[in-house]
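The values are calculated or read from the model by the stated rules, or taken from the named source; none is laboratory data. Because the structure is predicted, anything quoted here is derived from the model rather than measured. FYI the Cβ positions are ideal-geometry reconstructions off the backbone, even for glycines, and counts take in every protein chain you see.
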Amino acid sequence: MKKHKLVSYAKWGYIFIAPFFIVYIIFQLIPLLSTFYYSFFENYRSGLNVIGPNFVGFDNYVTLFTPDKNGSIDIFTYFINTIIMWLMGAVPQLVFSLLLAVIFTGERLRIKGQGFFKTVIYMPNLIMAAAFAMLFFMLFSKVGPFNQFIMSSGGEAFDFFANKWTTRGIIAMINFLMWFGNTTILLMAGIMGIDQSLFEAASIDGATSWQVFYKITIPLLKPIMVYVAITSLIGGLQMFDVPQVIGTYLGSPNRSTMTMIMYLNNYLGTSKNYGMAGALSVIIFIITGILSVIVYKTMANDSGKKPKKAKKGA
Amino acid sequence: MMKKKIFAAVLASAILMSVAGCTQDNGGNNDDGNQLETNGGAADTTTSAAESNGGGEVDNKTPHQVDTGYKLADDEGKVINIYCWNEDFKNYFEAYYKHPEGVDVNWVVNANDGGVYQQKLDEALFNQGDASADNKVDMFLAEADYIKKYASSDFTSALSYTPSSDIYSYTLNAATDVRNDQLKGLSFQAAPSVLIYRRSIAKDVLGTDDPNEVQKLLDSWDKFDAVAADAKAKGYIMTGCVEETLRCYTNNATSSFLSDSNEFQVPAEFTAWLQQAKSYVDNGYTLTCKRWDDEKSVQMGTDGKVMCFFGPAWYYNFCMGTAKEQTNGDWAVCVGPQEHFWGGTWLLKATGTDNAGLVEDIMKAFSENTEIIAQLWEQKSEFSCNKPMMEKYAADTSYGNDLLGGQNDAAIMAECAKNITWDPALHTQYDQTFQETLPGRMIEWFNGDPKTEEEAWSNFYKDLKTVAPDVVTPE
């Protein structure tokens, strides 16, 4: 009889998390699985005529991986474009954010007006990416302020958007400016979560700032760094709005700013090519999965294993 | 803390406002079709001008609705759904057309940006069979570059009346189903595109700014090319962008971009444009930008060095950037080396409409009702498809366009419009891709990346494969 008196609160837990799972299944899991399914069909529109769906097996995948006459495979080109533009923005962003986070949290520096600086560096993130991109598109246009400055100081107008490296650089810079504030705040939270006694102990032992940073901050910040790296990677692989505005749907110049999602978007435009778009989505899904695992493994390795060993030893 | 919060809020709003300010100015970076939209906004401002100086001597200068006397048939619905991509036609409709009492006019407006309009329209047309009578698409608008997709499909149905033979024939041909020669709709406007030149530069280069004299000096491409060299020698630039002359060639093409077996092919006219464009870029006769770039708009201002632009009435009246403020009156138009059209809005009758009679009455009113057409021209500078009406204005010596230094542009337009041809068989449902994406790829090549023409073409074939999977490309 006593058993009946035990109230199981677990079911309330399940009830409370159920809405998320229901929404997830309807709006994410089912579409995800149906994307896999549709990738095996020929299904598009020729004007207003619907072609298919006809089952074609792996034909869509074969088409995606068929090299053109120069031997290059489009999807690899776009993957590399995406990764290059992501790295150009993400690497400086991580370094810069880490530096800012350390400065802001530094006990010795005690920067005044932190709230102000934090607000300012986060602010670009509040602006719509497309609007931000439009702003830069105008700043760097051939008749924009930047070129007017060059011309007034005796130089010649430079067409930033006709050169692939300046175009990519501008896209990376926009992403950098938009996201470094966010990363800084995440890293600051990570650093502030580190036990202050460790820093105190280090300074009592006479460690230099560099030693504190390298031997204490960095290793203990790793879980947050992994989180930042993976979210940044996933965001980077899904890069779309900024290059779509800067390079237009053509990925100008010479398809050098065409990202994977822009390619996907082109398939879904006029032709509504659900088959090819499905296959492409599956590939992007797999690539994202693989890269996330790689990033996680390489970065989390040390911090993930050591505590376990330590526990065993203890 | 409070101080910090206020400070943060002020900063945030400052940044947001500066960005908003910048983006608002920027109408430039659009494709051909989209620019028609700005047409609408600009047209509105002219309404108030027309209203205020109407004065009342001619009734057509003040907006008033015209009653065609149409009575709803018994089987017609009380709701008419019209799909469009901007407010232009809606404004004209509301200002000039008195629809039968008790009818609810429902406008479904989806902007053209990124193909949204066509996507929404297509979905609605696909669902037409299941929709209730009052929710069916009754009439929709389409542009020159994609009208074929709709006119030559089962989603539009034939008009039950024969429009007046006074309508410019090309506007009717465009709305004809190529499969069975049925007329599916019509345009309320005609968009003859003319050569717009800057008077002061023409005077310097050609020694005259009189439209008749200038026309004589620029009536063939050989002469145009020669003048381009003269202009360059005097420090001017002949055309405002690489695409400036594109429509002269492609909208006069004598063969299609697609063969009967759906293979991609290049019309000779496109090749001719490509050669001209390349030589213009190499010789410095043109700016190397695209049609809607700011670089080109700047040239319409005080310090502009560009002599020639091409465009229809909607272009020079509403889309010429700073020209109206800075260089008003320093422009003139003539037919130029080749008659052609650019753009235009058609009204199409949707299959399954429960308001067939009303839809046709609207079409008839906007193409044949002289009172409406007169208002369109006198208040909105909208060049109508109605030939006798426009020829009447062409002969009117009292009329002059301020931007064009008092020139009667109707005369030039009317001369141009009657020679425009449209062979539905030569148009394809992918015209938009051929008219926008293909030149875009060529401009990349002109600007140095890719390095070769071959690469530019293969980039385009890749685009074409995503847009049109059923088209056979050479690569």
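When residues in the stretch B:102-128 are screened for being assigned to a helix (DSSP H, G or I), at positive phi and either in contact (Cβ under 8 Å) with a residue 12 or more places away in the chain or basic (Lys, Arg) (or both), 0 of them pass.
Between A:Ile224, A:Ile170, A:Ile230, the distinction of being over 22 Å from A:Leu109 (Cα atoms) and touching a Gly at 6+ places or on another chain (Cβ under 8 Å) belongs to A:Ile224 only.
More than 30 Å from B:Gly284 (Cβ to Cβ) and of a type in the set (A, V, I, L, M, F, W, C), is that true of B:Ala144? Against the criterion (more than 30 Å from B:Gly284 (Cβ to Cβ) and of a type in the set (A, V, I, L, M, F, W, C)), B:Ala144 qualifies. Against the condition of a type outside the set (Lys, Arg), in contact with a strand residue (DSSP E or B) (Cβ under 8 Å, 6 or more places away or on another chain) and away from chain B (no Cβ under 12 Å), how does A:Pro31 come out, does it pass? It is false that A:Pro31 is of a type outside the set (Lys, Arg), in contact with a strand residue (DSSP E or B) (Cβ under 8 Å, 6 or more places away or on another chain) and away from chain B (no Cβ under 12 Å).
Of the residues B:Tyr150, B:Tyr161, B:Tyr170, the single one that is in a loop (DSSP other than H, G, I, E, B), on the phi < 0 side of the Ramachandran plot and either within 14 Å of another protein chain (Cβ to nearest Cβ) or among the hydroxyl-bearing types (Ser, Thr, Tyr) (or both) is B:Tyr161. Restricting to the stretch A:263-280, give me the number of residues that are in a helix (DSSP H, G or I) and either touching a helix residue (DSSP H, G or I) at 6+ places or on another chain (Cβ under 6 Å) or outside the structural domain of A:Asn175 (by TED's automatic domain parsing) (or both). Adding up the residues that qualify gives 12.
Just wondering, is there one or more residues in the stretch A:47-54 that are at pLDDT 90 or above, assigned to a helix (DSSP H, G or I) and under 30 Å from A:Lys272 (Cβ atoms)? Checked the stretch A:47-54: no residue is at pLDDT 90 or above, assigned to a helix (DSSP H, G or I) and under 30 Å from A:Lys272 (Cβ atoms). Restricting the first member to the stretch A:4-32 and to residues that are closer than 22 Å to A:Phe285 by Cα and in a helix (DSSP H, G or I), and the second to residues that are modelled with pLDDT of 90 or more and among the small types (Gly, Ala, Ser), the beta-carbon pairs closer than 9 Å and six or more apart or on different chains are A:Leu32/A:Ser281. What number of residues in the stretch B:253-291 are closer than 19 Å to B:Phe224 by Cα, hydrophobic (A, V, I, L, M, F, W, C) and crowded, with 19+ Cβ neighbours inside 10 Å? Final tally of qualifying residues: 5. One residue is enough: does the stretch B:228-251 have a residue meeting the conditions modelled with pLDDT under 95, surrounded by fewer than 17 Cβ atoms within 10 Å (Cβ to Cβ) and among the polar types (S, T, N, Q)? No, the conditions are met nowhere in the stretch B:228-251. Within the stretch B:129-140, not a single residue is surrounded by fewer than 17 Cβ atoms within 10 Å (Cβ to Cβ), assigned to a loop (DSSP other than H, G, I, E, B) and in contact with a Pro (Cβ under 7 Å, 6 or more places away or on another chain). The residues listed here are B:Lys392, B:Lys462; of these, the one that is among the basic types (Lys, Arg), in a helix (DSSP H, G or I) and either more than 9 Å from every other protein chain (Cβ to nearest Cβ) or in contact with a helix residue (DSSP H, G or I) (Cβ under 6 Å, 6 or more places away or on another chain) (or both) is B:Lys392. Within the stretch B:141-188, track down each residue that is in contact with a Cys (Cβ under 7 Å, 6 or more places away or on another chain) and hydroxyl-bearing (Ser, Thr, Tyr). If the condition is that a residue be in contact with a Cys (Cβ under 7 Å, 6 or more places away or on another chain) and hydroxyl-bearing (Ser, Thr, Tyr), then B:Tyr168, B:Thr171, B:Ser187 are the ones that fit.
In the stretch B:298-314, is there at least one residue being under 18 Å from B:Thr437 (Cβ atoms) and not basic (Lys, Arg)? Can you show your working first?
Start the filter on the stretch B:298-314 by keeping residues that are under 18 Å from B:Thr437 (Cβ atoms), which leaves none.
So far as the stretch B:298-314 goes, no, none of its residues is under 18 Å from B:Thr437 (Cβ atoms) and not basic (Lys, Arg).
Only a single criterion out of (1) in the same structural domain as B:Thr288 (by TED's automatic domain parsing); (2) outside any helix (DSSP H, G or I) is not satisfied by B:Glu382, namely (1). In the stretch B:79-90, what residues are touching a residue at least 40 places away in the same chain (Cβ under 8 Å), more than 15 Å from B:Ala350 (Cβ to Cβ) and out of contact with any Leu (no Cβ under 8 Å at 6 or more places or on another chain)? Selection gives B:Glu87 alone.
A single member of B:Glu415, B:Glu455 is touching a residue at least 12 places away in the same chain (Cβ under 8 Å) and touching a helix residue (DSSP H, G or I) at 6+ places or on another chain (Cβ under 8 Å), and it is B:Glu415.
Restrict the check to the stretch A:109-125 and report whether at least one residue is part of a loop (DSSP other than H, G, I, E, B), crowded, with 18+ Cβ neighbours inside 10 Å and within 14 Å of chain B (Cβ to nearest Cβ). Full working, then the answer.
As a first pass, look at the stretch A:109-125 and keep what is part of a loop (DSSP other than H, G, I, E, B): A:109-113.
Checking the rest, the ones that are also crowded, with 18+ Cβ neighbours inside 10 Å come to none.
Among the residues of the stretch A:109-125, not one is part of a loop (DSSP other than H, G, I, E, B), crowded, with 18+ Cβ neighbours inside 10 Å and within 14 Å of chain B (Cβ to nearest Cβ), which makes the answer no.
Taking the criterion of being crowded, with 24+ Cβ neighbours inside 10 Å and without any contact (Cβ under 8 Å) to a residue 24 or more places away in the chain, the only residue of the stretch B:369-379 that qualifies is B:Ile373. Taking the criterion of being more than 30 Å from B:Asp134 (Cβ to Cβ) and surrounded by fewer than 21 Cβ atoms within 10 Å (Cβ to Cβ), the only residue of the stretch B:338-368 that qualifies is B:Glu339. Only residues that are more than 30 Å from B:Lys149 (Cβ to Cβ) and touching a Gly at 6+ places or on another chain (Cβ under 8 Å) were counted in the stretch A:1-50, giving 1.
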